[in-house]
Amino acid sequence: MTIDATGLTLSTPTETAAAALRAVQHAYLCYRRDLPQRLGELLQADPAFGFAHTVKALMLLGGFRASDAPVIRAALLQARDGHRAATERERLHWQAAVQWHAGDPLGATRVFEVILARWPHDLLAYRLHHFVSFWLGRPENMLQMAERLQTTWQPEWPFYGSLLACRAFANEEAGNHTLAENLGRRSVELDPGDPWGAHAVAHVLEMQGRREEGIQWVDSLQEHWHDRNNLAHHLWWHQGLYCYELGDFNRVLALYDQRFRNLASPLTAALPDLYIDVQNAVSMLFRLQLQQVDVGDRWTELADLAEQRTGDCESLFTVPHWAMALVATGRDAAVARLIGGIEAYGQADPAAAAIAAGLTPAAAATPGHPAQAMDYVLPLCRAVVHHGRGEYRQACDLIRPIIGDLFKLGGSHAQQDLLEQLYVDAAIRGDQQADQALLLSRAQGRGRLAPSRRRGWAGLAAR
């Protein structure tokens, strides 16, 4: 019998494959940049190990790239061919992957919940549930699962700190800042290189306006991130946010060029259009432009990438960022194609495509990405276009009916703030007083940092 990193039974008879899977689990939980290498070693160790192909599909699904769909389908079909030997738990992971691939990530989280109810030590299922719930805008799901499972986590696990980090971030997004900060700092004590624990604390410091502390926090830990993945870029983006709020725009631009959008870095060169890196870059440039900061030609390479991702709505939250890059560079025809791609995606049926490929979801798909693309992403991108043209009233008219639902596109409070700042700027420039009142009411009712202490909001608060 072979086992995974927490002692759960695997169907592979090959200890080499089991060890390779344990290395994949460790790399994934700890945000290591060698995850692709470890995954390749797993697939080579036992090509007949169906669960290895399921894990490959799950990792690719988490990259949110439409172009990966054929590879994902092939991996899922290979995994299905090995079902006779697979354990029940492994088959459930496969069902979750099929559900996700069929355009129903919420359905995937429900399958992960079934797994965790029976095998609470399944850390891969837990971490994927945490990840997908976050990008569905469901922090309550993240928190409920973290609190339910935390008594089963073993302190002797080498990635125990990573689990504390997940619990910390879930509590931060739920507004439990004191507990989140304590858990995040504890996770970093256990592993100074854990970027997710550092990330949870960075969010607390951002939400509480502790900007100088935030700068020191990131500075004190970055030497430990040399073997971590692009989440390190996101932490430097957080440092950029602190500097932005303090008005140190020169340092923001330096961090942009040298840290979170360094085009010469191996991580960026390998995946220049990775969703989280694009979100970091676009959101910072847009904020700087709202402050009348000259950002030079930094928009150009982002707009070039945006033109290549037309119709790719796997990461709904990223699509408005693509629109911002195209609008900033005056690419009207490309923006029109992007909007047409959203409409085409909204009318498609991912489940039908999965079934046609020989993959049948375990349950009927819940209304998911295609509906949200039409209901939220389409009007939001049109609002970006109107804002770029100086048509502020039209931008407000498009954002106003959906502002309360944009959290469903995923992203943290700090990331979602970009969409609200788009609305704030349009409301001020268009002299839309009712929209200004609505925005202030929302900001004050959420119990976060006062608008008067937030750049981009202070002018609205003063009015």
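Above 23 Å, the calculated P(r) of region 365-463 contains 24 percent of its Cα-Cα pairs.
So what is the 222 nm mean residue ellipticity for the chain from helices alone, if each DSSP H run of at least 4 adds -39500 (n - 2.57) and you divide by all residues, rounding to the nearest 500 deg cm²/dmol? After summing the helix terms and dividing by residue count, I get -20000 deg cm²/dmol.
For region 152-181, applying the loop criterion from DSSP together with a ceiling of 15 other beta carbons within 10 Å to the GluC sites (Glu not before Pro) yields 156. The ellipsoid that matches the Cα gyration tensor of region 232-380 has semi-axes, each √(5λ) in whole angstrom, of 32, 17, 14, with the longest given first. Electrostatic tally near residue 389: other residues with Cβ closer than 12 Å to its Cβ, Lys and Arg +1, Asp and Glu -1, net +1. Straightening the chain between residue 246 and residue 83 buys 53.1 nm, computed as 0.36 nm per residue apart minus the Cα-Cα spacing. Inter-part distance, region 259-331 to region 105-155, computed on C-alpha centroids, equals 31 Å. Given the Cα atoms of region 298-352, and with Rh set as the inverse mean 1/r over their pairs in the Kirkwood sense, what is Rg to Rh to two decimals? Reported Rg/Rh, Kirkwood definition of Rh: 1.00. For a modelled paramagnetic label at residue 304, 7 Å from Cα along Cα-to-Cβ, the residues of region 252-277 in reach, with backbone nitrogen under 18 Å, are 257-258, 261-275, 277. Each other residue within a Cβ distance under 15 Å of residue 185 adds +1 if Lys or Arg and -1 if Asp or Glu, for a net charge of -3. Using only Cα coordinates, the Kirkwood hydrodynamic radius of region 94-239 works out to 15.6 Å. The charge dipole of region 224-271, taken about the Cα centre with unit charges on the Cβ atoms of Lys, Arg (+1) and Asp, Glu (-1), comes to about 80 debye, rounded to the nearest 20.
In this Cβ point-charge picture (+1 for Lys and Arg, -1 for Asp and Glu), the chain has a dipole of about 560 debye about its Cα centre.
Of the trypsin sites (Lys or Arg not before Pro) in region 332-421, the ones in a loop by DSSP (not H, G, I, E or B) with at most 13 other beta carbons within 10 Å are 389.
When the accessible area of region 313-442 is split by element with a 1.4 Å probe, what percent falls to carbon and sulfur? C and S atoms contribute 52 percent here. Once C-alpha pairs closer than 8 Å and six or more residues apart are averaged by separation and normalised to the residue number of the chain, the relative contact order reads 13 percent. Reducing region 216-238 and region 12-70 to their Cα centroids gives an inter-centroid distance of 24 Å. Rolling a 1.4 Å probe over the protein heavy atoms gives region 153-255 an accessible area of 33 Å² per residue. All C-alpha to C-alpha distances of the chain, sorted into 10 Å bins beginning at zero, yield P(r) values of 4, 20, 31, 28, 13, 3, 0 percent in whole numbers. Between the residues 163, 338, 387, the greatest Cα displacement towards the positive end of the dipole of the chain, with unit charges on the Cβ of Lys, Arg, Asp and Glu, is found for 387. Multiplying the residue separation of residue 219 and residue 262 by 0.36 nm and removing their Cα-Cα distance gives an extension gain of 13.8 nm.
Taking only alpha carbon atoms, region 1-47 gives an Rg to Rh ratio of 0.96, where Rh is the Kirkwood radius.
The values are calculated or read from the model by the stated rules, or taken from the named source; none is laboratory data. Note that the structure is predicted; figures quoted are calculated from it, not measured. Positions of Cβ are generated from backbone atoms using ideal geometry, with glycine treated the same way; all protein chains shown enter the neighbour counts. Protein only, heavy atoms only, side chains kept; ligands, DNA and RNA dropped before computing areas. Shrake-Rupley method; radii C 1.70, N 1.55, O 1.52, S 1.80 Å.
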